Amino acid sequence: MTQPTFDLQDAAYDLLNGAQALRALRLELCGHGDGDPLRALERDHMSFVLAMMAEKAEACASAWIDEIETRRKKGGNAA
């Protein structure tokens, strides 16, 4: 059985897209008013967690992309 190929660059860009989606969700949560089902404490906590997840995802993806570019410049296999 052959292993599926894993394109590191595609994965990095997927991760960046996920980070952008997390940031959009955070902004949406921050836009809820007092009459919404989320309490302020819950909203603030979710906002903090989502922001941290997005920050980590972006940092990982950025490091992967840097590694890919470094390998390509050296003539190595980037995928």
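The values are calculated or read from the model by the stated rules, or taken from the named source; none is laboratory data. Here the structure is a predicted model, which is why all the values come from computation and not from measurement. Don't worry about glycine lacking a Cβ; one is built from the backbone with ideal geometry, like all the others, and counts go over all protein chains shown.
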Consider only pairs whose beta carbons are under 6 Å apart and that are at least six residues apart or on different chains; among these, list those whose first residue lies in the range 56-76 and is in a helix (DSSP H, G or I) and whose second residue is surrounded by 12 or more Cβ atoms within 10 Å (Cβ to Cβ) and of a type outside the set (A, V, I, L, M, F, W, C). ALA57/GLY18; ILE68/GLN9
Being at pLDDT 80 or above and in contact with a Lys or Arg (Cβ under 7 Å, 6 or more places away or on another chain) is the requirement here; does LEU50 meet it? yes
Would you tally the residues in the range 48-64 being buried (at least 17 other Cβ atoms within 10 Å of the Cβ) and among the small types (Gly, Ala, Ser)? 3
Could we say that ALA11 is modelled with pLDDT under 85 and surrounded by 12 or more Cβ atoms within 10 Å (Cβ to Cβ) here? yes
Could we say that ARG23 is within 10 Å of the chain's Cα centre (by Cα) and of a type in the set (Lys, Arg) here? yes
Considering the range 26-45 alone, what residues qualify as being more than 22 Å from the chain's Cα centre (by Cα) and not in a helix (DSSP H, G or I)? HIS32, GLY33, ASP34, GLY35, ASP36, PRO37, LEU38, ARG39
